[in-house]
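Worksheet: the structure to be examined is printed underneath.
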Amino acid sequence: MSLFATSGDAYDRFMGRYSVRLAPAFADFAGVEAGLRVLDVGCGPGALTEELARRVGAERVVAADPAEQFVEACRGRVPGADVRVAPAEALPFEDAGFDVALAQLVLSFLRDADAGAAQMRRVVREGGTVAACSWAAGDGMEMLQVFWDAAGARVEPGAQDAENRMRYRTREELAELASGAGLQDVEIERLPVEASYEDFEDFWAPVTSAPGPVGAFYARLDDDQRSQVRDECRRRLGDPAGPFTLAAAAWAVRGRA
């Protein structure tokens, strides 16, 4: 089963509260401004697509994602944008048709990130910008760190190993990817964000239907194991009785085609 077989709503409850805050900082980093034609690669339910449409107008925004349910969610979220079902490794767009191509929180999940980066460069005009970002490895995403540390402590030592092996979460890997794609004037920046939760249940409920590695891991636990991980997450968060905030940071890379 795909790691992203969940609904757009499930994605937004789990990761969307971060991605909507990351989108403006990432769009700033990529230099997205009025008058440009832009492409959102791996758009998901549309957090970045919506931000791009605010800046340039929906009619100048094109987006693509391989998951049909995310494409439908993005179309509903950003009426007027051209949103298509397509993988990053085989973008169905003409050469040099965009001023900027962006991929937010996508690279780590591509079958072939080198091919995806090459496709993004292909569809951007000469002198245009290709930009991508991923959550920073290690302590870059507090919510994920709490979950995986809890799972490792209570259920499965080394549970977080698969997460830790995910690529393109360091500045060095992003620089190598950009260089391999033939981009010029490559720059890398760390983009900090944070997200708030009403209480612990607001943190835990999205985990139970999460997309990606967290959801795949949760799905194979039995009820007792799920309770153990839940209790350990609560403990590691300080047993919050009310609102709290968690931090995250993404490495972002941009280069000129």
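The values are calculated or read from the model by the stated rules, or taken from the named source; none is laboratory data. Everything quoted here is computed from the prediction, not taken from an experiment. Cβ atoms come from the backbone with ideal geometry, glycine included; neighbour counts cover every protein chain shown.
How many residues, within region 149-164, are touching a residue at least 24 places away in the same chain (Cβ under 8 Å) and either hydrophobic (A, V, I, L, M, F, W, C) or crowded, with 17+ Cβ neighbours inside 10 Å (or both)? So the count comes out to 8. Filtered by the rule that a residue be under 25 Å from the mean Cα position of the chain (by Cα) and surrounded by fewer than 18 Cβ atoms within 10 Å (Cβ to Cβ), region 235-248 gives ARG236, PRO243, PHE244, THR245, ALA247. Taking the conditions (1) under 24 Å from the mean Cα position of the chain (by Cα); (2) within 18 Å of PHE14 (Cα to Cα); (3) modelled with pLDDT of 95 or more in turn, VAL253 satisfies each one other than (2). Here GLU142 clears all of (1) surrounded by fewer than 15 Cβ atoms within 10 Å (Cβ to Cβ); (2) out of contact with any helix residue (DSSP H, G or I) (no Cβ under 8 Å at 6 or more places or on another chain); (3) acidic (Asp, Glu); (4) closer than 19 Å to ARG13 by Cβ except the condition numbered (1).
When the residues of region 88-129 are filtered to those that are aromatic (Phe, Trp, Tyr) and touching a residue at least 60 places away in the same chain (Cβ under 8 Å), the one that is surrounded by the most Cβ atoms within 10 Å (Cβ to Cβ) is PHE98.
Whether a residue is part of a helix (DSSP H, G or I), buried (at least 19 other Cβ atoms within 10 Å of the Cβ) and either modelled with pLDDT under 95 or out of contact with any Gly (no Cβ under 8 Å at 6 or more places or on another chain) (or both) was assessed, and VAL214 passes this test. Of the candidates ALA34, ALA10, ALA30, ALA53, the single residue that is among the hydrophobic types (A, V, I, L, M, F, W, C) and farther than 18 Å from ASP99 by Cα is ALA10. Restricting attention to region 159-201, and to residues there that are hydrophobic (A, V, I, L, M, F, W, C) and assigned to a helix (DSSP H, G or I), which single residue is modelled with the lowest pLDDT? Restricting to residues being hydrophobic (A, V, I, L, M, F, W, C) and assigned to a helix (DSSP H, G or I), the top hit is ALA162. Of all residue pairs spaced 6 or more apart or on separate chains, those with beta-carbon atoms under 6 Å, a first member in region 59-77 that is over 16 Å from SER19 (Cβ atoms) and a second member that is of a type in the set (D, E, K, R) and surrounded by fewer than 24 Cβ atoms within 10 Å (Cβ to Cβ) are ARG60/ARG37; VAL62/ASP82; ALA64/ARG84.
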